[in-house]
1. Report, by residue number, each residue of region 75-85 that is assigned to a helix (DSSP H, G or I) and surrounded by fewer than 22 Cβ atoms within 10 Å (Cβ to Cβ).
2. Just to verify a result, which residue in region 104-123, among those that are free of Cβ contacts under 8 Å to residues at least 40 places away in the same chain and surrounded by 21 or more Cβ atoms within 10 Å (Cβ to Cβ), is farthest from the chain's Cα centre (by Cα)?
3. Does region 114-127 contain any residue that is at pLDDT 95 or above, farther than 21 Å from Pro81 by Cα and in a helix (DSSP H, G or I)?
4. Of the residues that sit in region 166-182 and are part of a helix (DSSP H, G or I), more than 19 Å from the chain's Cα centre (by Cα) and in contact (Cβ under 8 Å) with a residue 40 or more places away in the chain, which one is nearest to Arg121 (Cα to Cα)?
5. I'd like the full set of residues that are of a type outside the set (D, E, K, R) and free of Cβ contacts under 8 Å to residues at least 12 places away in the same chain, limited to region 50-103.
6. Give just the number: which of (1) touching a Lys or Arg at 6+ places or on another chain (Cβ under 6 Å); (2) farther than 22 Å from Ala167 by Cα does Gly90 not satisfy?
7. How many of the residues in region 57-101 are in contact with a Ser or Thr (Cβ under 9 Å, 6 or more places away or on another chain) and farther than 19 Å from Tyr123 by Cα?
8. Please go through (1) at pLDDT 95 or above; (2) of a type outside the set (A, V, I, L, M, F, W, C); (3) at positive phi for Glu176 and return the number of the only condition it doesn't satisfy.
Amino acid sequence: MTRDRDPAGRPRNARPRDALGRPLDPAGGPGPGSGAAGTDRIPDDLVITGAEAAALADRLLRDGRPFHAHEVLEAAWKSGPSGERDLWQGLAQIAVGLTHARRGNARGAVALLSRGAERVRGYQARASSQDEASSDHEGSRGGTGSQRAAGRLASPFGMNVDAFLAAADDLAARIERDGLDAIPPADLSPGLLAGA
């Protein structure tokens, strides 16, 4: 069987998947979800703005579809500016951590939730130091420039990044301490947007 490829020769993931991204058997053979049509897929070649990615990923996360949110966040990192790469990659890793949790993989969930949060915090620290250096270079305006920079880093594209990271940290700690059985399903659907 020949794998579907895009014009550049990269493989496409056309195989149907369930709501948690697990491949389904399209031929109807044995196994969970056999012969099922699967859920709507995020296109492999999706080009999306940061604001669109934040809104769509938020909706998918809240709907309990973190695998699909990860695909949207991955598309944002691939099509967005290189300076935002760690932001989108870290958020995508957190979404993968949520996927692992929903699939019952506690170890994978803790690892990806923690790794993703660390990557986003690294992005915030680098962006903050660049903003501070830029403000210092332009002249101080009583600290308002650094306050604006902190606000931008905490809520880029309308996201409440700090709350999302706190939720990821809390989940990782609770899963590590108590296991996945102690986590209510609602806690595996944190929102990404501020005020949503």
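1. From region 75-85, those assigned to a helix (DSSP H, G or I) are 75-79, 82-85; that's our starting set.
Residues satisfying the conditions are Trp77, Lys78, Ser79, Ser82, Gly83, Glu84, Arg85.
2. Step by step, filter region 104-123, then rank; the result is Tyr123.
3. Scanning region 114-127, I find at least one residue that is at pLDDT 95 or above, farther than 21 Å from Pro81 by Cα and in a helix (DSSP H, G or I), so the answer is yes.
4. So the first thing to find is which residues in region 166-182 are part of a helix (DSSP H, G or I), and the list is 166-178, 180-182.
Then drop every residue that is not more than 19 Å from the chain's Cα centre (by Cα), which leaves 174, 176-178, 180-182.
Cutting the leftovers down to in contact (Cβ under 8 Å) with a residue 40 or more places away in the chain gives us 176, 180.
Numbers: Glu176: 21, Leu180: 25 Å.
Only one residue tops the list, namely Glu176.
5. Let us first name the residues in region 50-103 that are of a type outside the set (D, E, K, R), namely 50-51, 53-57, 60-61, 64, 66-70, 72-73, 75-77, 79-83, 87-101.
Within region 50-103, Pro81, Ser82 meet the criteria.
6. Result: Gly90 fails condition (2) only.
7. Residues flagged as in contact with a Ser or Thr (Cβ under 9 Å, 6 or more places away or on another chain) and farther than 19 Å from Tyr123 by Cα within region 57-101 amount to 10.
8. Tallying (1) at pLDDT 95 or above; (2) of a type outside the set (A, V, I, L, M, F, W, C); (3) at positive phi, Glu176 fails exactly one: (3).
The values are calculated or read from the model by the stated rules, or taken from the named source; none is laboratory data. Computed from a prediction, not measured in an experiment: that's the story for all the values here. With ideal geometry, Cβ positions are generated from the backbone for all residues, glycine too; neighbour counts draw on all protein chains shown.
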